[in-house]
Structures are given as C-alpha cells and as structure tokens.
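Just so you know, all these numbers are worked out from the coordinates, no wet-lab data involved. Just so it is clear, the structure is predicted and the values come from calculations on it, not from any experiment. Cβ placement follows ideal geometry from the backbone for every residue including glycine, while neighbour counts extend to all protein chains displayed.
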Amino acid sequence: MKIHLLVNGEPREWECEVHEFLTEALRRHGLVGTKRGCEDGACGACAVLLDGREVPSCIVLAAQADGHEITTIEGLGDPRHVHPIQAAFVAATAVQCGFCTPGMVVATKELLDHNPTPSAADARRRLAGHYCRCTGQIKPIQAVLDAAERVKGAQT
Amino acid sequence: MYLALEDYSRPQSIEACLRLLQQPPQPAALLAGGTDLNVRGHEELRRVIDLQALAMTEIEALEGGVRIGAGSTLREIQEAPALQGAPHAALREAAAAFANVAIQNRSTIGGRIAVERPDQDLPPALAALGARLQIYRLINGVVEEQVIDYPLGDAARAVLRGALIRAVEIPAGVTRSALRRLGRTAVDRPLATVAAARAGEQVRIAANLQGPGAADLRRLSRSEALVTEWRGRLPENWRSRLRESLLAELNPYGDAFAGGEYRRDLSATLALRAVAAIHGEEETG
Ligand SMILES: Cc1cc2nc3c(=O)[nH]c(=O)nc-3n(C[C@H](O)[C@H](O)[C@H](O)COP(=O)(O)OP(=O)(O)OC[C@H]3O[C@@H](n4cnc5c(N)ncnc54)[C@H](O)[C@@H]3O)c2cc1C
Ligand code: FES
Ligand code: FES
C-alpha cells in the first residue's frame, strides 16, 4: 500500500507492507537513527514524534502514520548542525554506545516543546521507558536539564 | 515484522467499521492506538480496521458530567481542561500511572476498556466514578446504540465483544475522587489499585487486586454502604471500622509478586487512603 507522510518536513510517498511497522519503514528509507530495540514498546529506542508527540514507532503500523507528520532524530540535527539537545547529551556524557540516545533526544524535544523549564522530576518522568544500558539513568536526566538551558539560550 | 496482516482499512463511519469487522479476511480487529494489538501475541490477525478517521477524540463537559471520546489518549485525558477538577482526580491519576509518556500518547481509553484484562489502574477509576459506555453493535445487520454501565466482571464484559466503544460518560454529581496504587517501582504494573469517589453522600469504592488470575475488578459494596452511612462526617474510629469491613470483603490473592494476605492488607490500606482523600482527611493508616 502507498502512504503519504511529512517526514522531517519533507513530503514523502512510500510503498509499505500492510503489516510493516513505522520503525522498519523509516529505516528502509535511510533514517536509521531510529533504533530497533525491544520491538515491544518498552525500551524507548525507536521513539519518534508523530504530530509532535513521542510514540514508540515499533508498535505503530506504517499505515497508521499515513497522513501524519513524523520527526526523527535526523530531523533535529546532524554532526554539522548539532541541535542544542544533542549538544547537551554529549556534554553530560550521557552518550556511550549511543543506541538509546536518539530516542531520549526525541523525547526531550517533546518535553521542552511543552515544558521549557522542566524540573528533575519532570525529566525523570519523561525518560521513564527509555533504557540506557551504558551510562545508567542519571546522566541523561542531567542532560535534559542542561538541554532546557541550551534551548532557552538558543532562542534568546 | 511478526504480524501477518493482509488488510488495513480506515473507514469514515461507525457502520462501515462494524461491517468490515465481519468481512474476510478473518480474524479481524478494530485498531486504536495499537499498544496492545500491535504487540506480539496477535500474529493470528489478518485484518485491522483503524478507527482514527472517526476522530472520537472529544473531551467535553456535558450537563455537569464529562463525555470522553473513546479515541482520546491517556495523555489527552491528563491534559483536558474538562477533567482538571477534584471530581476527576482518580481518572487523571490512573492515566498518569500508565507505563510511560510515549505509551500514554498512543493508548486510548477505548482500547484500554476493550482489552480483555480487568487488571491495571483505569478500570477501578472508571468503576468508582460510575462511568457509562456508549457502544455500537451490529445486531441482525442493523447498527444499534446502547449506553451501558461500566462492566464489572467477565459476564458483564460479554456485551463489549464485537462492539465499538464510542465514548465514556462520567456522570454529573461526583464531587471528589481519588486513586491509590502501589507498584514495586513507578513504572511497574501495580500490586493493587483502589479508587474511591463521592457523589453527594454516596461513596463508591472499586478495587483491583492486580495480577493475572486475580479476582475481577470489584465494587466493595459493604464498605461503600458503611462510608455512605456516615454522610460525609467520618466518626472518630472510622479507620478501624472501615478496615475491618474492607478486610472482610476483599479476597486474598497471592502470586509471585506478593502474598495473598499482604495484597489484601495493602488494598485495605489503599482504600483507607482513597476514602481519606475524598473526605479531605489526612492519609495515614
Ligand atoms: C510498553 C507497554 C506498557 C503498557 N503499560 C500498560 C499499563 O501500565 N496499564 C495498562 O492498563 N495497559 C498497559 N499496556 C497495554 C496497552 O497500552 C493498553 O491495553 C491500551 O490501553 C490499549 O489501548 P490502544 O488504544 O493502544 O488499543 P489497541 O491496541 O489499538 O486495541 C486494543 C484492543 O481494543 C480494541 N479496541 C480499541 N479501540 C476500541 C474501540 N473504540 N471500541 C472497541 N474496541 C476497541 C481492539 O480491537 C483491541 O482488541 C501497555 C502496553 C505496552 C506496549
Ligand atoms: S524498540 Fe520500540 S520501544 Fe523498544
Ligand atoms: S549510551 Fe548505550 S544504551 Fe545508552
């Protein structure tokens, strides 16, 4: 079946299998920053924004995303144009293997879009469901708080 | 890609959804957020009928009550202006306790109600609030609407099979509600959940001793009657009297996560706290 989406601001028409998940569709089209982890909706590695809200793309059918707007990690920044949230994760050494990082960065983007001054409790609650096996869960929380400062700084 | 779907459709009307549900290829299912259906364990499905074009996402105050479209997500329920007050606290608390934000962004209230599992937090909240469901079914080829009480127990849930849940109606009159739960961690499924609500002098208490095989979601009618009798003014020894009533009414249910007596005692404590909260009392005991 054909689906039409806005992916990172670009209109796309993709041919998909009926049973294909959004994670696969994105990765098949080169957007491999979205990771395949538990494939059960539980780990956060596959997170993307669907109409501005974080969703686990591993349990969203590509067909369900037809007509919607998707933002992946590639839509936030790249090595030459690093997004302030990405910079905060690097600065807080909240990245080691990097497998969990795209999901956490995308989740942080949604949080800051709705709550530009999160508390540590907000950050913890927001990253619940994002598992980091390398750095533990503390540094990503620090990264979220730093990211809030950086995003605010970038806007002023 | 463990699903083996052959057909996906996104009909524009309730009638079209219900008719497609009966057509081949089978088995078929209505699809909302997909946080249950799109997860392993549904490999047998051949057709899904996506409900998103029905846009059942209204959350609106209505004659003192609130109407919640079945497609509303648990995140939308937490944020909706019509659900911000004390009467609907139990509902917001149940939605916020659900897994994590990404799942809350996808899970719909209709999907949660339709899933054949009486455990978890939302059902006790809905039962305590006296929720009613607007459902549609195909009976002898004709679409029929029904408004039913929130079903407690497997027998009552039979009416939901093959039905499309259109909306949840929270009636007027509830002045305060509260939900208390305990899990091993913030993101774990709870060991027990109790919700309580006050509508005038009437008090409703609903409990789940959580776990696969645990007794169904239940209203604790004897304890409800006891608290209702107190007409909003709790007597000095209310905690011990209510605890005694609760313990007599709750069945012990033990599993690998908690022993039966512990879970029963925990549920009684959670109920005491929920009842304290809806009376503005301190939550001790
Ligand atoms: C990581 C993870 C964590 C989870 N944590 C929790 C939790 O903490 N608490 C909890 O209760 N559940 C939890 N779940 C289970 C799941 O999120 C819920 O069952 C969810 O509410 C289902 O809603 P949905 O909209 O995604 O339904 P779907 O998956 O789309 O559908 C579920 C069922 O409901 C039917 N259905 C959907 N909408 C309607 C409707 N309007 N009318 C009739 N039938 C309908 C479908 O046919 C299907 O049988 C979790 C799931 C995952 C993947
Ligand atoms: S891969 Fe999607 S949540 Fe784990
Ligand atoms: S950096 Fe390796 S899992 Fe988080």
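Can you pull the mean other chain C-beta count within 10 Å for peptide B:3-11? Intermediate values should be presented prior to the final figure.
Working: counts 6, 2, 6, 2, 3, 11, 2, 4, 0.
For this peptide, the per-residue mean of nearby foreign Cβ atoms is 4.
Can you pull a Stokes-Einstein diffusion coefficient for chain B at 25 °C (0.890 mPa s), Rh from Kirkwood over Cα pairs, as a whole number of µm²/s? Numbers along the way, then the final one.
On the way: Rh = 19.6 Å.
Value of D from the Cα-based Kirkwood radius: 125 µm²/s.
If I fit a long axis through the Cα atoms of helix B:260-278 and take the longest principal axis of the Cα atoms of chain B, what angle between them do I get, 0 to 90°, rounded to 10?
80
Stokes-Einstein at 25 °C, 0.890 mPa s, Kirkwood radius from Cα pairs: D for region B:178-278 in µm² s⁻¹? It would help to have the intermediate numbers written out before the result.
Working: Rh = 13.6 Å.
In µm²/s, the coefficient is 181.
How big, in percent, is the set of alpha carbon pairs in region A:2-75 lying more than 21 Å apart? Display every interim value, and only then the final one.
Details: 301 of 2701 pairs.
Result for the distance tail: 11 percent.
Spin-label point model (7 Å from Cα, Cβ direction): what's the B:A172 to B:Q146 distance in nm?
2.7
Fewest first, what order do B:S245, B:S107 take by the number of other Cβ atoms within 10 Å?
Values: B:S245 19, B:S107 25.
In order of increasing Cβ crowding within 10 Å: B:S245, B:S107.
On C-alpha positions alone, give me the angle between the axis of helix A:101-114 and the longest principal axis of chain A, in degrees, nearest 10.
80
Need one value for A:58-71: mean number of C-beta atoms belonging to other chains within 10 Å of its residues' C-beta atoms. Present the calculation step by step, with values, prior to reporting the outcome.
Values: counts 2, 11, 5, 9, 1, 7, 11, 0, 4, 3, 1, 0, 0, 0.
So the per-residue partner count for this stretch is 4.
What FRET efficiency, computed as 1/(1 + (r/R0)^6) with R0 = 56 Å and r the Cβ-Cβ distance, is obtained for A:A121 and B:N237, rounded to the nearest 0.05? Mind showing how you got there, number by number?
Working: r = 37 Å, r/R0 = 0.66.
My answer for the efficiency is 0.90.
For region B:7-52, state the average projected area of the convex hull of the C-alpha atoms over all orientations, rounded to one decimal in nm².
Projected area, direction-averaged: 2.9 nm².
Give the lysines whose C-alpha is closer than 20 Å to that of A:K109, dropping any in the same chain fewer than 8 places away, or say none.
Partners found: A:K35, A:K139, A:K152.
Direction-averaged shadow area of the convex hull around the Cα atoms of region B:102-185, nm²? It would help to have the intermediate numbers written out before the result.
Working: hull surface 28.2 nm².
Averaged projected hull area, Cα only: 7.1 nm².
Could you please report the charge total around A:Q64, scoring K, R as +1 and D, E as -1 over all other residues with beta-carbon less than 12 angstrom from its beta-carbon?
Values: positive: B:R10, B:R106; negative: A:E20, A:D51, A:D66, B:D50.
After counting each charged neighbour, the total is -2.
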